[in-house]
1. Please indicate, with yes or no, whether at least one residue in the stretch 145-153 is outside any loop (DSSP other than H, G, I, E, B), within 29 Å of Val35 (Cα to Cα) and aliphatic (A, V, I, L, M).
2. Being surrounded by 21 or more Cβ atoms within 10 Å (Cβ to Cβ) and within 8 Å of the ligand (Cβ to nearest atom), is that true of even one residue in the stretch 194-207?
3. Among the residues that make up the stretch 91-111, is at least one of them among the charged types (D, E, K, R) and more than 23 Å from Ala64 (Cα to Cα)?
4. Could you identify the single residue in Leu243, Leu221, Leu217, Leu248 that is assigned to a loop (DSSP other than H, G, I, E, B) and within 15 Å of the ligand (Cβ to nearest atom)?
5. More than 14 Å from the ligand (Cβ to nearest atom), touching a Phe, Trp or Tyr at 6+ places or on another chain (Cβ under 8 Å) and over 17 Å from Phe51 (Cα atoms): which single residue out of Ala123, Ala158 fits that description?
6. Within the stretch 35-54, work out how many residues are in a loop (DSSP other than H, G, I, E, B), more than 15 Å from the chain's Cα centre (by Cα) and over 23 Å from Phe92 (Cβ atoms).
7. Give me the pairs: first residue in the stretch 184-201 and at negative phi, second residue of a type in the set (Ser, Thr, Tyr) and assigned to a strand (DSSP E or B), beta-carbon distance under 6 Å, and six or more apart or on different chains, which are they?
Amino acid sequence: MNLQSKVALNNGVEIPWVGLGVFQSEPGPETQQAVEWALELGYRHIDTAAFYQNEESVGRALKASGVRRDEVFVTTKVWNNNQGYDEALAAFDRSLKNLGMDTVDLYLVHWPIEKKRLQTWKALEKIYEEGRARAIGVSNFLVHHLEELAEHSGIVPAVNQVEFHPFLLQKELLDYDHEHGIRHEAWSPLTRARLWDDPVIDRIAAAHEKSRAQVLLRWDLQHGVVTIPKSVHRDRIEENSKLFDFELTDGEMAQLDALDRSERIGPDPDQMARQSG
Ligand code: NDP
């Protein structure tokens, strides 16, 4: 396995296990530079969103890199205030225009907004059927949201992108996704460097002569979870890609799992669904 290794989604489209996240990367030179470094270092997967306002910089970086469009997996997402059928279709057109692309590899419903999410999903189904997104999926969906979707749609989301790190395991959700062919994808896999000051993580990192970041990202991969760490620093982007020359033992995986305390960095999906609904 290496940085360009991929896993097949439920429709056969392949996604690289590791991507670069660009949430809170400044639109303009900061994002463009980060994406160019990532591509130069061998990343082939970029995770953006309309909400991040840096789709244009991602598109520019890809063009400037000289890497072929079909070699890079690009994800973007429909933001909460653009949910609903017509609104989501229009938002998708804007995202394509900003990215300067004809298709995206993965289009996600960013949050499960109440009263809107099913109509939004219908728009994504249309986009998928038209071949303008190679795969469609959801983000921040809990089990009850996924069950509701299954009742109303024949297309199973290819991905569920959720907050995921040892302090927020959400085992039931992880198992649901695995059992239903929905690829679990980790956002804030590094806890935004906020929660990882922990003796268990440090002991495991020391044992492998690896960093905290590398331990947490390796934990994702060994759980079968696609991961998208964000950094705008070249050395960190590189560090976050060096995950393929060590392996956590079953015991270490269990010790990391045991750090779970249901602690979120980001919003609770049910609250977000209501606030923005
Ligand atoms: P991460 O857990 O990836 O952490 C990013 C933070 O950690 C940044 O402050 C970065 O700083 C720092 N960092 C990165 N690498 C290292 C390192 N090796 N050592 C020390 N510090 C490091 O958080 P994100 O919330 O950004 O999540 C990753 C991606 O997931 C996002 O960028 C976005 O694409 C996606 N996401 C999706 C959400 C959703 O609702 N679907 C919500 C949130 C994120 P610096 O940049 O200064 O190096």
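1. no
2. Looking through the stretch 194-207, none of the residues is surrounded by 21 or more Cβ atoms within 10 Å (Cβ to Cβ) and within 8 Å of the ligand (Cβ to nearest atom).
3. Among the residues of the stretch 91-111, not one is among the charged types (D, E, K, R) and more than 23 Å from Ala64 (Cα to Cα), which makes the answer no.
4. Leu243
5. Matching residue, one of Ala123, Ala158: Ala123.
6. Qualifying residue count, the stretch 35-54: 1.
7. Sorted first by the residue in the stretch 184-201, then by its partner, the pairs are Ala186/Thr227; Pro189/Thr227.
Okay, residues lined up against (1) assigned to a strand (DSSP E or B); (2) at pLDDT below 95; (3) away from the ligand (no atom under 12 Å from the Cβ); (4) over 22 Å from Pro269 (Cα atoms):
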position: Asn2; (1), (2), (3), (4): no, no, yes, yes
position: Val7; (1), (2), (3), (4): yes, no, yes, yes
position: Gln24; (1), (2), (3), (4): no, no, no, no
position: Pro27; (1), (2), (3), (4): no, no, yes, yes
position: Gln33; (1), (2), (3), (4): no, no, no, yes
position: Glu56; (1), (2), (3), (4): no, no, yes, yes
position: Leu62; (1), (2), (3), (4): no, no, yes, yes
position: Glu87; (1), (2), (3), (4): no, no, yes, no
position: Trp111; (1), (2), (3), (4): no, no, no, no
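The values are calculated or read from the model by the stated rules, or taken from the named source; none is laboratory data. Note that this is a predicted model, so its numbers are computed, not measured. Positions of Cβ are backbone-derived with ideal geometry, glycine not excepted, and every protein chain shown enters the neighbour counts.
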